[in-house]
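*Asks:* Take this structure first; my questions come after.
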Amino acid sequence: MMYFILVLLGIYIMILLLRFVFTITYYKRETGKMKNVSRENRLSLKEVTIFQPILSGDNYLKEKLSFIYNNTGEAELIWAVDNDDYEAEKIINEITGNSPKKNLHIVKCDKAPFYENPKVYKILLTEKLWKKYTVILDDDTIIDIKSLENIDKTLLETKIITGIPYYFKGRNIWENMVRVYVNSNSVYNYFTSAFLGRNKTINGMFYIFKSEKIISLGLYQKIKQKLCDDYEFAKISGENGIGIYQSVIPCKLNTEVEYFRGFLRLMRRWHIFANQYIKENLDISIVIFSIIPFVSGSLFFTAALLYRYEIFVLYLGISILNYLAGRIFRKKIFGENDSIKDMVLEIVSEIVQIFYWISALIKPDRIIWRGKSVRIKNGIIEVNSDGKKDKG
């Protein structure tokens, strides 16, 4: 048995090395391409609308919106906010000093119907205001807006361009567990998939497209009842001949998570949607470069408990080296420093993350949506759901 486990460890190391090589290769190649885009093909901010759906309730909201507002440059900015979201209105007034800049359009909306995706609902209300190119940017996310000028706009004739996410340090352990989970996986998963030509989804926190093409095809209208709007948008775009280009543009964010229960709900929801993606797109590359690394921590930890502690020592050594390599890479891409605490939490996350997946297998058609327990089918909220209020 020990020999078999050592063979598995060897396979695991080879997968990590291949994934690292693919990721580095893709990053260097695409960074070089962005640097060499000709002046006439570079995107102009004068042609860009940045759309943000605003919803209060997150302590990071003012900080993130302020950054975007003060760094928009010549791009147009649209903030869509519910009529009865008085807290969001207060934050916007504090940011703008009750005197918004001319390039900011504040769109007041009725609350989205319960069975429609609120983000898509607000997008549809503002389509007529878009310039030639539109950026969809979540309200908890920031990007270097000047980096948009490095985009080759000829790509936008046939593709959606998406970014790469990075979570800032959180205010508590649950926010930091979200941070290490995303940061340790996002670069490898997105860049490896793109390197292999198997990227079939986008990072919904930030993406950009040619407005006319998306509007003329009515793509958002077709997914307005879908919960996982980023994947559904990528999927329906692909069905209409629009591909995905994975850029190296960082998008940085925080997500407020106050309690353990909120953390578990977030991870469960993410993995319900991840399971949907895997079910529809499973191939050998997903098995090798996503599923095997995902389950390895739990498997080797269990093997150590059942057989010999040396197995876990070996796994721990591999994980530390993997963290250090990822830390150097993340520093290069995002310009941010990870800490020893991040290393510990990342290893813990690798061991326990299989339980997020298991929780998503229990009643996978049920989630908490807008404060209520609802049933979903094929990604859509069923109208005959009980809609009972969540008890906590």
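The values are calculated or read from the model by the stated rules, or taken from the named source; none is laboratory data. Because the structure is a prediction, the values reported are computed rather than measured. Methodologically, a virtual Cβ is constructed for each residue, glycine included, from the backbone with ideal geometry; neighbour enumeration extends over all protein chains shown. Note: accessible area is taken over every heavy atom of the protein model, side chains too, but ligands, DNA and RNA are not part of it. Shrake-Rupley method; radii C 1.70, N 1.55, O 1.52, S 1.80 Å.
*Asks:* Find the residue count for the range 203-214, including only residues that are polar (S, T, N, Q) and either assigned to a helix (DSSP H, G or I) or over 27 Å from residue 32 (Cα atoms) (or both).
*Replies:* Of all residues in the range 203-214, those polar (S, T, N, Q) come to 203, 211.
Cutting the leftovers down to either assigned to a helix (DSSP H, G or I) or over 27 Å from residue 32 (Cα atoms) (or both) gives us 211.
So the answer is 1.
*Asks:* Given the conditions (1) within 21 Å of residue 88 (Cβ to Cβ); (2) modelled with pLDDT of 95 or more, which single one is not true for residue 166?
*Replies:* (1)
*Asks:* Follow-up. If you take just the helices (runs of 4 or more DSSP H) that sit entirely in the range 215-312, which of them hold at least 3 residues that are open to solvent by less than 60 Å² (accessible area, probe 1.4 Å)?
*Replies:* Those helices (runs of 4 or more DSSP H) span 229-239, 260-281, 292-306.
*Asks:* Which of the numbered conditions does residue 69 fail, given that it passes all the others? Conditions: (1) over 20 Å from residue 162 (Cβ atoms); (2) open to solvent by 60 Å² or more (accessible area, probe 1.4 Å).
*Replies:* Here residue 69 meets the rest and fails (2).
*Asks:* For the range 351-363, give me the residue count where each residue is assigned to a helix (DSSP H, G or I) and open to solvent by 20 Å² or more (accessible area, probe 1.4 Å).
*Replies:* 8
*Asks:* Does residue 207 qualify as being surrounded by 22 or more Cβ atoms within 10 Å (Cβ to Cβ), hydroxyl-bearing (Ser, Thr, Tyr) and in contact with a Gly (Cβ under 9 Å, 6 or more places away or on another chain)? Working first, answer last.
*Replies:* Values: surrounded by 22 or more Cβ atoms within 10 Å (Cβ to Cβ): yes; hydroxyl-bearing (Ser, Thr, Tyr): yes; in contact with a Gly (Cβ under 9 Å, 6 or more places away or on another chain): yes.
Yes; evaluated as a whole, the condition is true for this residue.
*Asks:* Output the number of residues of the range 72-100 satisfying the condition of being acidic (Asp, Glu), part of a loop (DSSP other than H, G, I, E, B) and open to solvent by less than 30 Å² (accessible area, probe 1.4 Å).
*Replies:* 1
*Asks:* With respect to the numbered conditions (1) in contact with a strand residue (DSSP E or B) (Cβ under 6 Å, 6 or more places away or on another chain); (2) modelled with pLDDT under 95; (3) of a type in the set (Ser, Thr, Tyr), which one is the sole condition not fulfilled by residue 56?
*Replies:* (1)
*Asks:* Kindly indicate which of 135, 182, 120 is under 30 Å from residue 296 (Cα atoms), modelled with pLDDT of 95 or more and not basic (Lys, Arg).
*Replies:* 182
*Asks:* Can you tell me which residue in the range 117-145 is most open to solvent (accessible area, probe 1.4 Å), limited to those that are in contact with a helix residue (DSSP H, G or I) (Cβ under 8 Å, 6 or more places away or on another chain) and among the basic types (Lys, Arg)?
*Replies:* For the range 117-145, the residue satisfying everything is 132.
*Asks:* Being open to solvent by 40 Å² or more (accessible area, probe 1.4 Å), of a type outside the set (D, E, K, R) and at positive phi, is that true of even one residue in the range 154-167?
*Replies:* The first filter runs over the range 154-167 and keeps only residues open to solvent by 40 Å² or more (accessible area, probe 1.4 Å), leaving 154-155, 157-159.
Checking which are of a type outside the set (D, E, K, R) leaves us with 154-155, 158.
When the remaining residues are screened for being at positive phi, the result is none.
Scanning the range 154-167, I find no residue that is open to solvent by 40 Å² or more (accessible area, probe 1.4 Å), of a type outside the set (D, E, K, R) and at positive phi, so the answer is no.
Each row is one residue, and each column tells you yes or no for (1) of a type in the set (Gly, Ala, Ser); (2) in contact with a helix residue (DSSP H, G or I) (Cβ under 9 Å, 6 or more places away or on another chain).
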residue: 247; (1), (2): yes, yes
residue: 254; (1), (2): no, yes
residue: 277; (1), (2): no, yes
residue: 305; (1), (2): no, yes
residue: 363; (1), (2): no, no
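*Asks:* Would you be able to say whether some residue in the range 192-202 is in contact (Cβ under 8 Å) with a residue 12 or more places away in the chain, buried (at least 21 other Cβ atoms within 10 Å of the Cβ), touching a strand residue (DSSP E or B) at 6+ places or on another chain (Cβ under 7 Å) and outside any helix (DSSP H, G or I)?
*Replies:* Yes; the residues of the range 192-202 include at least one that is in contact (Cβ under 8 Å) with a residue 12 or more places away in the chain, buried (at least 21 other Cβ atoms within 10 Å of the Cβ), touching a strand residue (DSSP E or B) at 6+ places or on another chain (Cβ under 7 Å) and outside any helix (DSSP H, G or I).
*Asks:* Residues of the range 146-157 being closer than 28 Å to residue 58 by Cβ and touching a helix residue (DSSP H, G or I) at 6+ places or on another chain (Cβ under 7 Å), which ones?
*Replies:* Of everything in the range 146-157, just one residue is closer than 28 Å to residue 58 by Cβ and touching a helix residue (DSSP H, G or I) at 6+ places or on another chain (Cβ under 7 Å), namely 148.
*Asks:* Which one is farthest from residue 251 (Cα to Cα), of the residues in the range 202-239 that are modelled with pLDDT of 95 or more and of a type in the set (S, T, N, Q)?
*Replies:* 216
*Asks:* Tell me, please, whether a residue that is without any contact (Cβ under 8 Å) to a residue 24 or more places away in the chain and part of a loop (DSSP other than H, G, I, E, B) can be found in the range 146-158.
*Replies:* To start, the set of residues in the range 146-158 that are without any contact (Cβ under 8 Å) to a residue 24 or more places away in the chain comprises none.
For the range 146-158, residues without any contact (Cβ under 8 Å) to a residue 24 or more places away in the chain and part of a loop (DSSP other than H, G, I, E, B): absent.
*Asks:* From the list 33, 108, 64, exactly one residue is part of a strand (DSSP E or B) and either open to solvent by less than 40 Å² (accessible area, probe 1.4 Å) or not hydrophobic (A, V, I, L, M, F, W, C) (or both). Which is it? Break it down into steps so the answer makes sense when it comes.
*Replies:* On the way: 33 fails: part of a strand (DSSP E or B); 64 fails: part of a strand (DSSP E or B).
That would be 108, the only listed residue that is part of a strand (DSSP E or B) and either open to solvent by less than 40 Å² (accessible area, probe 1.4 Å) or not hydrophobic (A, V, I, L, M, F, W, C) (or both).
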